[in-house]
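The values are calculated or read from the model by the stated rules, or taken from the named source; none is laboratory data. Please read all numbers here as calculations on a predicted model, not as lab measurements. Here the Cβ is made from the backbone with ideal geometry for all residues, glycine too, and neighbour counts use every protein chain on show.
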Amino acid sequence: MQHVKVPQDRIGAVIGEGGETMREIEERADVRLDIDSESGSVAIDTVGDPVAGMVAPDIVRAIGRGFTPESALSLLEHDLRRFDLIDLASETRNKNDLQRQKGRLIGENGRTRQLMEELSGAEVVIKGSTLGIIGQSEEVDAVRRAAGMILDGAPHGAVYSFLERKHNELHGAPDLAPPNADETR
């Protein structure tokens, strides 16, 4: 049995309307959840497929960190899909630095976070003092590296260039060269 602590404001998301999300997690991950809504503690007991059961704590953690239940449950859809969490508090000096760095990671009107998602293919959620990532291994690594660059003080332009290069590596660069005149005849 494993235990996961979920922030109080996200317990409702783990349970879902009428217990719907909790039942879906239990059914799809072959686990039994025991949720203490007072403390935010979720006990996870594997009752079926142990491999699916191993993913259940990450599903609960991901929902607790702000991902939608659908995004979190996508961890069951592919063996290489994973959840990663960066503790921003451990990467910053104090509360003011944490707020400043969160602002840099989110970007103006959410643009930096949005570009991390679009160019990597991963899903990114910044909540409290964490940055959560769900995606294929190489997508998660790209976001982790981009976030590290921002936390180290790199200019946003350099981070966007890195993400564009990664995007082209992961998803193939589109051929933007104009067709040769001889080929079009």
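Only one of the listed residues (R93, R23, R32) is free of Cβ contacts under 8 Å to residues at least 40 places away in the same chain, not assigned by TED's automatic domain parsing to the domain that holds D9 and not polar (S, T, N, Q). That residue is R93. Could you please find all residues in segment 26-43 being buried (at least 22 other Cβ atoms within 10 Å of the Cβ) and closer than 24 Å to I86 by Cα? The one that is buried (at least 22 other Cβ atoms within 10 Å of the Cβ) and closer than 24 Å to I86 by Cα: V42. Based on what the data block shows, is I150 within 21 Å of P7 (Cβ to Cβ), of a type in the set (V, I, T) and either surrounded by 13 or more Cβ atoms within 10 Å (Cβ to Cβ) or at pLDDT 95 or above (or both)? Criteria not met by I150.
One line per residue, one yes/no per condition, for (1) within 23 Å of S37 (Cα to Cα); (2) more than 12 Å from the chain's Cα centre (by Cα):
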| residue | (1), (2) |
| --- | --- |
| G64 | yes, no |
| T68 | yes, no |
| S71 | yes, no |
| E91 | no, yes |
| N94 | no, yes |
| N109 | no, yes |
| G135 | no, no |
| E138 | no, yes |
| D141 | no, no |
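Taken over segment 87-100, the residue count meeting the criterion of being surrounded by fewer than 19 Cβ atoms within 10 Å (Cβ to Cβ), within 12 Å of G132 (Cβ to Cβ) and touching a helix residue (DSSP H, G or I) at 6+ places or on another chain (Cβ under 8 Å) is 0.
Among helices (runs of 4 or more DSSP H) entirely within segment 1-113, having at least 1 residues that are of a type in the set (D, E) singles out 20-29, 50-64, 69-73, 95-106.
When L85, L105, L131 are screened for being modelled with pLDDT of 95 or more, among the aliphatic types (A, V, I, L, M), more than 24 Å from V55 (Cβ to Cβ) and assigned by TED's automatic domain parsing to the domain that holds K166, only L105 passes.
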